[in-house]
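For reference, the structure is listed below as structure tokens.
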Amino acid sequence: MTNPADLYDRARDALGQLRDLRRTLVALSREYADLEPHELAVDNLGEALTAGDAIAGILDGLSTVDRAIEDVDDALDHPLQLASRLGRLQPVRPEGK
């Protein structure tokens, strides 16, 4: 049977990975925001689009993902609190031993 402490560790690791992803997205957002639209070209494979519009859309999308990750981070708080409280029952020892 799985040890509850191991499950808690895995859940905590998942939260850490989620936070790593969030840091990656923040870094990506900064780097996209630093791009100079007038130095960029856009292909002609779809709707007409300027580089500035593309960057704005990317930043908006990354912001949406960041908010979703924040919601998941907040949602994991309660189950992690409960998971931290679980443990195996200790065998009852007869008195005098």
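Summary table
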item: Nearest-20 debye value, the chain charge dipole, Cβ charges on Lys, Arg, Asp, Glu; result: 1140 debye
item: Mean ellipticity per residue at 222 nm, deg cm²/dmol - from DSSP H runs of n ≥ 4 across the chain, formula -39500 (n - 2.57); result: -24000 deg cm²/dmol
item: On Cα atoms only, tilt of 4-34 relative to the major axis of the chain in degrees; result: 10 degrees
item: Surface accessible to a 1.4 Å probe, Arg19 within the full protein complex, Å²; result: 110 Å²
item: Length-normalised contact order for the chain - Cα pairs under 8 Å, 6+ apart - percent; result: 47 percent
item: Cα lying deepest toward the dipole's positive end in the chain, options Val26, Pro37, Leu80, charges on Cβ; result: Leu80
item: Stretchable slack from Arg12 to Ala68, in nm (0.36 nm times residue separation minus alpha-carbon distance); result: 18.3 nm
item: Helix 51-83 vs. the chain, principal-axis angle (Cα, 0 to 90°, nearest 10); result: 10 degrees
item: Solvent-accessible heavy-atom area per residue, rounded to whole Å², over segment 1-47 at 1.4 Å; result: 84 Å²
item: At most 15 other Cβ within 10 Å, DSSP loop - GluC sites (Glu not before Pro), segment 34-97; result: Glu47, Glu95
item: With every protein chain in place, the chain: carbon and sulfur % of accessible area (1.4 Å); result: 54 percent
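The values are calculated or read from the model by the stated rules, or taken from the named source; none is laboratory data. Every value quoted in this text rests on a predicted model; they were computed, and no experiment measured them. Positions of Cβ are generated from backbone atoms using ideal geometry, with glycine treated the same way; all protein chains shown enter the neighbour counts. Accessible surface areas use protein heavy atoms only, side chains included; no ligands, DNA or RNA. Shrake-Rupley method; radii C 1.70, N 1.55, O 1.52, S 1.80 Å.
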